[in-house]
Amino acid sequence: MSASDGGNARAAGYTPHPYVGGRTAALRALAAWRMRWPGAPRVIVLTGNPGSGRSRLLTGFLMMCDPEYRKQLPLDDLDPATVPPDLPAPAVPSAAGRTAAQVLWLLADHFELAAGRNEDVFAELAAREEPVTVVVPDVDQAGPVRAAGEAARVVRDVLTPLAATETVQLLADVPRELATELAGTLPATQVQVIDLDAPEWADPKGLVLHAETALDAGSGAPELPYTTDPAARRALAEALAARAAGSRLTVQLAVQSLLMQPEGFDPADASQLPANVGEALDLHARRLGADPLTLRLMLAPLAFAEGEGLPVQLLGTLASAVAGRDMSQDIADGMLLAAPFIQPVEPSSEDDEDGTGAGAEAAAGAGDGRTLLRLMHPALAEEIRSGLPDVRDAQTRIAMALLEEVPQQDWAQADPYIRDHLAAHTLEAGLLPQLLTDPGLFAHADPVTLRAAIEAVPLEQLGAPARTYLRTAPLLTRSQAPATLRAAFLESAFVEDGLAPYAEALHTRGFRLPWRTLWSVPLAGVRAVTTGSVAAVGEDGTAVSRPVAALLVPEGTPGSRTLPDPADGAVASQDGTGAADGTATGEGAGGADGDGEAPAGGRTALLLHDLRAPEYVDADPSQVVQPSEEDREAAPLGFSRGADYLRVWVRADRRMVAALVSDSPVVDADLSPDGVLVVATERGVTARQILVAAPAATPSVPAQRTGTTDADASHGLEGDHS
């Protein structure tokens, strides 16, 4: 399809697309791509300057690709060459606010793939007999943290492999700096770049129509000489379009400004028409008798806002921080001044997902019914940031102001925006490593956002607590754990990494943790565990019983004692459910095989570890005494396990009191009668004292997707895939 044919559409009497209002040449190319027209490319890269209308074009095209939405469009009146065939809707994994892994696993969910790893997604798509159609919009808005550069990862880790998959028909909306990179990975016959600012794809007539429609009093504009008189409206629309040099955003902002405050606007004065987004801001301020710098400072916090938007109650505080003076009166008097450039947003997710931690009620209350504000377009944010003398200094001021808004530095009471996005602000300020010392923040912050921010910092700049968090983050994101369970997982991780003070601190932050981690050893090759006791001599010289964890390990493990015969072993096997069978005899001992033979890989040995203290025990393995079956049945707690999780429950009422998800496969586990859970994974062995909480704090096992290793990045919506 030739772009030069676009101007023929109106001449033929066709109705413009009701949402796009033009872009005939681009719509024709997209329709040819959708119908796999002979000679049409398999991959289209849509790009253009910020504000060029890429999102609007893609939205209008997807309207015609949706079987249900098509019924609401006047398709018979449109140029037939712009209307794609009536086919099942394509997969549309939006990149806005998502990591590369999330985008990929949204795609995997859409096609119901059985993939367990990132590379499996592409392999399964390549193996399909029928081609699949994928549209990826808003790549420029990718990532939960703006400064982390997630758009480049989406292009390199998702779009490039998708484009290389012959069974995938791909359309992606990509910023110009990445469009050439993506297109350059394919033969010229397979890819087409549609740059909406290039002469062959520009649509000046469509831009005039866009302005004319926005100015029409019949479309909701106030009745003014240039909105009610068709000739005057057309003349102003043409002047706006000519001045804006193809920028739909500039035209949109200019129209919103003059319609919201028409006083002082002379349509015959071309100097009042903006040529770019910056001029739209400054001309609006001057027409309302305000200082353009004041308007920019009012909007500066929104230009740095993360996530869905900034809570309205923080706007004045942060504007004052950026300006270095009190902006509260400017904010109070200037909402009409700022109105054309901002929009309110209702939060789309719950602000407090954890109802068990101290202070949760206060945090939830802080989020109830709150309104978020954001700028009308990302290009506005870029314009405002570029006009500041020192972006890093502005972010530093914002970060410090947000930190001061945390009551008594209690993250449970902090506004959800602060606890979830403070890390993103400190990242751009260059201060993130200094922030990453509070385990309370680790537990309360959204793990998807915090992980993305930390991963943007070179590893050598991170302290030990931050490295522990980074190691644990895939478990936190894939498990969808609430704050209390995140704190529990981190408490164990800190003990595993030798950071006991950080683990202990989490017990003082108001969480009702389901356990206290007693010790952890990085011991590979453990084949089975059991709890028991050995005879010992007390401080007063009397005989005492010392609780131990008996670990079945490969022969030669330092500190272990070789078992001369499997029948002499003291470690009982586990049944198929993972519940301890409680046997203390040699029958079935010797490992998970349960056949009395040493597991594959050689003879085994027994290593004894104190059950409650971080130290090994030097004792004769034959002297280990295990709890009897009666002792176990009389114990208040029982447990069961799966491949990478365990549940601990109260025997009396079957109430679950602890749910443990492991970041490596569980090899074996045992629960002592007094509630010490010893778990052996492929990484090591950890002992946790189960803390039985009140019934109201009964936990639930986080959602898991089976069959995936934790070596992968978190997937899907950071919780639907493990």
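222 nm [θ] for the chain, helices only, -39500 (n - 2.57) per DSSP H run of 4+, per residue, to 500? Rounded to the nearest 500, the figure is -10500 deg cm²/dmol. Between Asp66 and Val345, the FRET efficiency estimated from the beta carbon spacing at R0 = 22 angstrom works out to 0.35.
Ordering of 58-68, 241-251 by packing is 241-251, 58-68, highest average first (other Cβ atoms within 10 Å, averaged per residue). With 0.36 nm allotted per residue and the present C-alpha distance subtracted, the Glu405-Ala217 stretch has 63.2 nm of extension available.
Could you sort the peptides 280-290, 620-630 by per-residue average Cβ neighbour count (10 Å cutoff), highest mean leading?
On the way: 280-290: 19.4, 620-630: 16.0.
Result, highest mean first: 280-290, 620-630.
Qualifying trypsin sites (Lys or Arg not before Pro) in region 176-240, where qualification requires a DSSP coil assignment and no more than 12 other C-beta atoms within 10 Å, are lacking entirely.
In plain terms, the chain from Tyr14 to Glu460 could stretch by 154.4 nm, reckoned as 0.36 nm per residue minus the Cα-Cα distance. Pairs of Cα atoms nearer than 8 Å and 6+ residues apart set the relative contact order; for the chain it is 10 percent. Taking R0 as 41 Å, what's the FRET efficiency between Gln261 and His110 from their Cβ-Cβ distance, rounded to 0.05? Result of the calculation: an efficiency of 0.35. Between Trp519 and Ala687, the built amide H atoms are under 5 Å apart, and every one of these is 5 or more places off in sequence or on another chain.
Ala634: net charge of surrounding residues, Cβ under 12 Å, Lys/Arg +1, Asp/Glu -1, itself excluded? Taking every other residue near Ala634 into account, the sum is -3.
For region 314-334 and region 269-285, compute the distance between their C-alpha centroids and round to whole Å. After rounding, the separation between the Cα centres reads 24 Å.
What is the local net charge at Val145, summed over the other residues whose Cβ is closer than 11 Å to its Cβ (Lys, Arg +1; Asp, Glu -1)? Before the final figure, lay out the partial values.
Details: positive: Arg146, Arg451; negative: Glu150, Glu306, Asp420, Glu428, Asp446, Glu455.
Local net charge: -4.
Surface calculation, 1.4 Å probe, protein heavy atoms: Asp653 sits at approximately 90 Å² accessible. Provide the solvent-accessible area of Phe489, counting protein heavy atoms only and rolling a 1.4 Å probe, rounded to the nearest 10 Å². Ignoring ligands and nucleic acids, Phe489 comes out at about 10 Å². Between Asp66 and any residue 5 or more places off or on another chain, the built amide H atoms are never under 5 Å apart.
Evaluating 6.51 cos²θ - 1.76 cosθ + 1.60 at θ = phi - 60° for every residue in region 428-443, the Karplus couplings come out as 6, 7, x, 10, 4, x, 5, 6, 8, 10, 9, x, x, 5, 3, 6 Hz, glycine and proline recorded as x.
Quick one: length gained pulling Glu308 to Gln623 fully straight, 0.36 nm per residue minus the C-alpha distance?
Numbers: separation 315, 0.36 × 315 = 113.40 nm, distance 6.20 nm.
Full extension from Glu308 to Gln623 adds 107.2 nm.
Between Arg385 and Ala613, what FRET efficiency follows from the Cβ-Cβ distance if R0 is 60 Å, with the result rounded to 0.05? With a Förster radius of 60 Å, E is 0.65. Summarising the amide proton neighbourhood of Thr99: residues at separation of 5 or more, or on other chains, whose placed amide H is nearer than 5 Å comprise Gly143. Carbon-plus-sulfur accessible fraction, the chain (probe radius 1.4 Å, protein heavy atoms only): 52%. Across region 117-136, the residues whose backbone nitrogen lies under 12 Å from the label position 7 Å along the beta-carbon direction of Leu87 are 130-135.
Across Asp333, Asp195, the residue with the most accessible area heads the list, and the full order at a 1.4 Å probe is Asp333, Asp195.
The values are calculated or read from the model by the stated rules, or taken from the named source; none is laboratory data. Model, not experiment: these values are computed from the prediction. Backbone-built Cβ (ideal geometry, glycine too); neighbour counts: all protein chains shown. What goes into the accessible areas is simple: the full protein's heavy atoms, side chains included, and nothing from ligands, DNA or RNA. Shrake-Rupley method; radii C 1.70, N 1.55, O 1.52, S 1.80 Å.
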